[in-house]
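Q: Just passing along the structure, written as structure tokens.
The values are calculated or read from the model by the stated rules, or taken from the named source; none is laboratory data. What you see is a predicted model; the values in this text were computed from it and never measured. Every residue, glycine as well, gets a Cβ built from its backbone with ideal geometry; the counts of neighbours run over all protein chains shown.
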Amino acid sequence: MRSFHETRAGRLAAAGALALVLLSGGCESVQTTSAGAVGIERTQRMSPLVAEADLRKQAAASYQQILTKERQQGALNTDVALTKRVRAITARLIPAAGAFRPEATNWNWEVNVIRSDQMNAWCMPGGKIAVYSGLITKLNLTDDEIAAIIGHEIAHALREHARERASEQLGAQVLVSGAVMAIGGGQASADLGNLFYKSFFGLPNSRLHETEADRIGVELAARAGYDPRAAISLWRKMGSQGGASGPEFLSTHPSPATRLADLEVYSERVMPLYEQARRGR
């Protein structure tokens, strides 16, 4: 005779399997980009309830709110030379994005520099980019290194990682709720289910997104005529800033050693594209 715990575990497993089946049936298989020279061929699962057009609309509105706030605080594009430099680098990267996603070259791209000590940069869906001045000044970044970081952020937008994460989180809510109801659990069961999801599905997927962005980023840089090997020196500089980091399996980013090893392989893979771009300039 099975114990209560065995029966409960079985019900949980069955509920989880049923929820996964339901979720899989409700999602669409999407290939957001072509593989490129770096070979990004992973098929993504997107919920039809999370539309890319809606995310772009929301991103555009949020972006304008951020710009308005930074302008009011006197922190928007205050360094004319730095702003011009960042925009010039991005202008060379945008055409390269067409190698992965042709229609992306027609997005309504916007690039702004925010005066801040933060070492940060991001690209919202639809090509809304912000670079924080501290990232460049604190690390004394070269143009090649700036291209590496902006290329990485553009890659997230090309691959629609924000939409994929939103679809994933929506699915997780359904999965955990269904499992908790099946076992008659309360909030503690829901918390445990969310932790299980985050540890075994959410975090690995986030690390996968970072790796994809690294690989696409070096190819974008190479196609734009920037040395893709600068991504390696960039992340070494980032690592030199210190800070505690936990185990890789509990992180949303790859470990520094894993990231650098991968970048060494893929930056060399796209070197012919870099040499070709240099000859054409």
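Q: Which residues, taken from the range 105-132, are polar (S, T, N, Q), within 17 Å of Ile146 (Cβ to Cβ) and touching a residue at least 40 places away in the same chain (Cβ under 8 Å)?
A: Within the range 105-132, Asn112, Ser116 qualify.
Q: Quick one: in the range 125-145, of everything that is within 17 Å of the chain's Cα centre (by Cα) and of a type in the set (A, V, I, L, M), which residue is nearest to Ala104 (Cα to Cα)?
A: For the range 125-145, the residue satisfying everything is Ile129.
Q: Every residue in the range 103-132 that is aromatic (Phe, Trp, Tyr) and either touching a Phe, Trp or Tyr at 6+ places or on another chain (Cβ under 7 Å) or closer than 17 Å to Lys57 by Cα (or both), please.
A: Within the range 103-132, Trp107, Trp109, Trp122 meet the criteria.
Q: Surrounded by 18 or more Cβ atoms within 10 Å (Cβ to Cβ), among the aliphatic types (A, V, I, L, M) and at pLDDT 95 or above - does that describe any residue in the range 192-213?
A: There is at least one residue in the range 192-213 that is surrounded by 18 or more Cβ atoms within 10 Å (Cβ to Cβ), among the aliphatic types (A, V, I, L, M) and at pLDDT 95 or above.
Q: A further question follows. If you go through the range 84-113 one residue at a time, how many are surrounded by fewer than 18 Cβ atoms within 10 Å (Cβ to Cβ), in contact with a strand residue (DSSP E or B) (Cβ under 9 Å, 6 or more places away or on another chain) and among the polar types (S, T, N, Q)?
A: Final tally of qualifying residues: 1.
Q: Right, here's the next one. Out of Arg259, Arg236, which single residue is part of a helix (DSSP H, G or I), surrounded by fewer than 16 Cβ atoms within 10 Å (Cβ to Cβ), of a type outside the set (Val, Ile, Thr) and modelled with pLDDT of 90 or more?
A: Arg236
Q: The conditions are (1) modelled with pLDDT under 95; (2) out of contact with any Cys (no Cβ under 8 Å at 6 or more places or on another chain); (3) in a helix (DSSP H, G or I), and Gly151 fails exactly one of them. Which is it?
A: (1)
Q: Would you check which residues across the range 16-46 are outside any helix (DSSP H, G or I), over 18 Å from the mean Cα position of the chain (by Cα), at pLDDT below 90 and surrounded by 14 or more Cβ atoms within 10 Å (Cβ to Cβ) and list them?
A: Correct list: Cys27 only.
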